[in-house]
Structure formats: structure tokens, C-alpha cells
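What follows is calculated from the coordinates using simple rules that are stated; it is not laboratory data. Only a predicted model underlies this, so the values are computations on that prediction, with no experimental measurement involved. When we count neighbours, we look across all protein chains shown, and the Cβ atoms used for this are built from the backbone with ideal geometry, even at glycine.
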Amino acid sequence: MEESLLEFRGSLVLVTHDRFMLDRVSNIVLGLDGQGGAESFADYAQWASWQSESTAKLKATDGSMPAVPRSPESPLHGRKKLSYLEAREYASIEQRIADAEEVVRSKRAELEDPAIASDGPRLVAVHAEMEAAQRNLDELYARWAELEEKAGNLPHSCTR
């Protein structure tokens, strides 16, 4: 079966418990985090490392979902209006988010390039770049949520 999979020129989705076969026949390992997210990895070992880090982070936060950070100036009741600078930031944040998403997509595509899979230092560097881009995107989304809430644009059910 492995020989047939190695000879196959197209793409396929392989679901298996055999991690050794997975390493031998796959170019990309798609790891699911169980919360609706997915990441691409070069091999099973890279996924296992990511999984253990994710599990450790989840245990460190008492198993709860990470909360969107809120500034003390934006309580749920008694909202203030956006300041001039916040209004300017709010007006441009959606474009900044779109740009950041594009950077994450390009870094992910670069990371998935089979040409760098055997270049360890380049793979590590690109992975670090992708993680930094993802952190930036997460920060932009958190800030966007703060500004949305402060501007009063979130539905009432989202602010409870």
C-alpha cells in the first residue's frame, strides 16, 4: 500500500494511526487542535511537539478558552465613545487585519513548500516568522474586538 501511495502523483487525504507510514508517505501533516483550528506540519514529530505545547498552554489556563483581553477603560456597562485616535485606528483596522491575514497565508504557503522541508534552519526560521505573523493577527483581532465593543457595534448577546 505504501508503495502505491508513494507512486501516486496527485493529492490525497490519509487518515491513519500508523505514524511511521504517515512520515514515509506524506509531505504535509495537517494537525487538528480539537477547537476548530488546524495547522500544517512537515512530519509527525513536528505535530507532536506542537500538540504537547498546545496541551501545556491549555492546562496552564485551567482548561478554559483564552479570553479576549479587555482594557480597563472598556467595561461592559457605561461604555465610552471612541476617542479621536481610536476612531482613526478603528477606521483602518479591518484593512490591517486583511493585510495581516495575507501575511499569515503567505508564510503558511512558504512553510508548506516541499523545497524547504529538508532545509532544517530555513524551516525553523519560516515557522518562527509564521508564528510571529499569527501573533500579530491575533493581537489585531483582539484590538478590533475592543474597539467594536467600545464603539457599541457588537450585538447585545456578544457583550454579556
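Whole-Hz Karplus values for the range 47-61 come out as 5, 4, 5, 4, 5, 5, 5, 5, 5, 5, 5, 5, 5, 5, 9 Hz, taken residue by residue from phi with 6.51 cos²θ - 1.76 cosθ + 1.60 and θ = phi - 60°; glycine and proline positions read x. Shape of the range 79-152 from the C-alpha gyration tensor: prolate (a/c of 1.5 or more and a/b above b/c, with a ≥ b ≥ c the square roots of its eigenvalues). Sorting V103, V29 from the fewest to the most surrounding beta carbons within 10 angstrom yields V103, V29. Legend: ranking of residues K57, K150 from fewest to most surrounding C-beta atoms inside 10 Å; resulting order K57, K150.
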